[in-house]
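Accompanying notes for the structure given below.
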Amino acid sequence: MTEMHITHFRILEAMAAVEREVGDRLGFGPARSRTQEMAVYLGAEAAVEAWATAKHDQPELEPRNDLEQLCSEFIVLHAVETASWVH
């Protein structure tokens with residue numbers, strides 16, 4: 001695999017970690033209905049967007065919990081992948 005494939009795989013893993021954390025916080029087990037899966041997906045997307053906005057507004061902000069840490073890791077990996085597309 002190329003470095004770009006590896007980076008993309010890491011991004012997918014990072015988002016999956018965010019989704020697991022959101023699912024745990026919502027109280028959903030591993031066997032989820034489609035509605036619960038959609039709630040987890042949308043919750044994860046919202047969490048990442050909220051953290052990105054917070055970091056943009058306050059760059060010195062540090063993660064205060066596991067979800068913020070996972071979102072932060074996802075954002076960094078996504079930025080690396082996006083930068084690699086430019087080159």
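The values are calculated or read from the model by the stated rules, or taken from the named source; none is laboratory data. Computed from a prediction, not measured in an experiment: that's the story for all the values here. No Cβ is skipped: glycine too gets one built from the backbone with ideal geometry, and neighbour counts run over all protein chains shown. Heavy atoms of the whole protein, side chains included, go into the accessibility calculation; ligands, DNA and RNA do not. Shrake-Rupley method; radii C 1.70, N 1.55, O 1.52, S 1.80 Å.
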Listed residues GLU21, GLU81, GLU68; which is closer than 26 Å to GLU3 by Cβ, within 17 Å of the chain's Cα centre (by Cα) and surrounded by 13 or more Cβ atoms within 10 Å (Cβ to Cβ)? GLU81
Just one of VAL22, VAL40 is in contact (Cβ under 8 Å) with a residue 24 or more places away in the chain and in a helix (DSSP H, G or I); which is it? VAL22
Check whether at least one residue in the range 10-21 is of a type in the set (Val, Ile, Thr), at pLDDT below 95 and in contact with a Leu (Cβ under 7 Å, 6 or more places away or on another chain), and report yes or no. yes
Residues that are of a type in the set (Ser, Thr, Tyr) and either modelled with pLDDT of 95 or more or open to solvent by 60 Å² or more (accessible area, probe 1.4 Å) (or both), drawn from the range 30-65: THR35, TYR41, THR53
